[in-house]
1. Considering only DSSP beta bridges with both partners in the chain, what is the antiparallel share in %, to the nearest 5?
2. Would you calculate the separation in nanometres between label points at Leu157 and Glu329, each defined as 7 Å from the Cα along the Cα-to-beta-carbon direction?
3. At 0.36 nm per residue, and after removing the present C-alpha to C-alpha distance, how many nm does the segment from Leu494 to Leu338 gain when stretched out fully?
4. Restricting the calculation to Cα positions, tell me the Rg (one decimal) and the Dmax (whole number) of segment 164-275 in Å.
5. Report, by chain and number, residues whose modeled amide H sits under 5 Å from the one on Leu91, excluding near sequence neighbours (fewer than 5 apart, same chain).
6. For Ala167 and Thr460 in the same chain, what is the full-extension length gain: residue separation times 0.36 nm, less their Cα-Cα distance, in nm?
7. Helix 2-18 against the longest principal axis of the chain: what's the angle in degrees, Cα atoms only, rounded to the nearest 10?
8. Hey, got the dipole for the chain? About the Cα centre, +1 on K and R Cβ, -1 on D and E Cβ, debye to the nearest 20?
Amino acid sequence: MESFRLKTILLFSTLYILTSTFSFAHIGSSGVLFQGQAGAYRVLVSLQPPDVIPGTAQVTVYLENGNVKTVMARPIYFRTGDEGAPSADPLASVPNQTGQFQGIVWLMGGGATSVQITLDGDSGKSEIVVPLVAIATAQREMPAGLGVLLSILGLLLVVLLITAIGASASDGLLKAGIPLTPKQRRARWTNMGIAAVACTAILYGGSSWWNNWTDDYRQFMYKPLQGTGKIMNQNNERVFQLKIDTLQLVQSRQRRTTLSYLIPDHGKLMHLFLVRQNTFDAFAHLHPERRDTTTFEAYLPKLPAGKYLVYADIVQRSGFTETITDTIEIPAVYGNALLKTDPEDTYVVTDPLNNPKQIPIDENVVICGKPGTKTKLKDGSSIVWEGKPDVSFEAGKPYQLAFEVLDPAGKPAELEPYLGMNGHAAIIKSDGSVYIHLHPVGTYSMAAQQSMQSRIADTTRIYRLPTNTQVFRDSIDRYIASLKAMTPADRDRLLMASMTGMDSQKMAGMKHENRIVFPYAFPKPGQYRIFLQIKRNGQVLTGIFDATVKAASM
């Protein structure tokens, strides 16, 4: 275990250098991490997608146990599936680093994709599929010096080509020392003139093609979905409504909008996080219901009035994951604010950033904690963030965010699955520029992984979405309704059974250890607040912790 933690530290130490700050399913935290079971092997996989397409994704695999001799990796695109995927490439064993493999895979097309990792060792052959979003988010500029050099070389080649063509109709027909006749001189100049016109036309055509290609690339660069939130009064209750705007995407021809083909993640079609701006002293995790293709609504709990940051996670049928952002002004509470859109909707009130212990009286109040401190939850149990108090984290450095849950008597608490996992965490930077929804198994969407696995099992070479959007939507709505009708234990058993990388022994009997670990590297300096959510005795509980992150030391 210690060696695996050391390897994790080495891995995370490279993330800050290799990654950009753009992300799709999260804000400001790039790359994908998978930590879990690949057959008999427990692995940590890091994928760093390129920001230009075509491009190469960096792949790093660490082994916690077992003796693996070869590791292969290949990209599998949702559109073309397993049948249209290229052959796998070997990952090289890193010298002097036992159990560490590293390499690249070429991503030639954009959109929802994945990297299939195949491990072969003493415990046999195992595979794991890690979902990835491959979309162009940057455009490279050619250095001025290189452009001048290439222009000079290109001009030289054109002159040489024109000269050679002219000589082929004159000097090239004569023996050495024989002078050209006037007719041959005219033929040389005529051919050189024709060659000059032809080369000019070729250069102009190539330049036009290049400019058109550049314009198309710029037009198809990824632009995030935009959403507009508002608060409505329905029967004297506050209702949050989010409308997703797809007009910009249609106008820019960026990509086909597929909001009719959303699929649930952890059994929910949308995960909505609200946090009061600047103070971060009020937080809600809601699951709005879909009213039409672009409209989602949810009853608001007793969140105090103020301006809130909005983060809404959705997953498309292809596994393409996105986070829609907005800010919204929430008015003061009216009505009884007891109605819930979803039984697992939850909220919490805590002390503001930089102003501890100044909190209102509310049944959902939780005092914020720091590393090495104990935070008491509303049911009397508590969460301890393992570590030294008043520690200052470094941006880009690796950290295993480890939490231990204790019951009211101070003994290890028995956790219940919450949305199919033993814990969830939302980490948000104080200025809202970083947001990530974490799980103990990593930073990827479970629904995206399941979608890619089902696509790999499908032998259809080119996937096409169903033409009848209403039929697809109705089937998803029926599935979500069936989940709501189940008992919590049955629902979580069903959700966990489909999650790759989960330990089957822990799934048996729905028992979980009371220690939860989230691998994460804070991407940049600043203040962060961590909202950790667990479930005990049928009740969702939220613990809040603060972290101060400084610039990485050289």
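1. Values: 128 of 133 bridges.
Here the share of antiparallel DSSP bridges comes out near 95 percent.
2. Placing both labels 7 Å along Cα→Cβ, they lie 6.1 nm apart.
3. Numbers: separation 156, 0.36 × 156 = 56.16 nm, distance 2.85 nm.
That works out to 53.3 nm of additional length.
4. 32.6, 104
5. Val71, Met72, Ala73
6. On the way: separation 293, 0.36 × 293 = 105.48 nm, distance 5.66 nm.
That pair, Ala167 and Thr460, stretches by 99.8 nm at full extension.
7. 50
8. Values: 54 positive and 47 negative charges, 295 e Å.
In total the dipole reaches around 1420 debye.
Just so you know, all these numbers are worked out from the coordinates, no wet-lab data involved. Predicted model only: the values in this text are computed from it and were never measured. All Cβ positions, glycine included, derive from the backbone under ideal geometry; neighbour counts span all protein chains shown.
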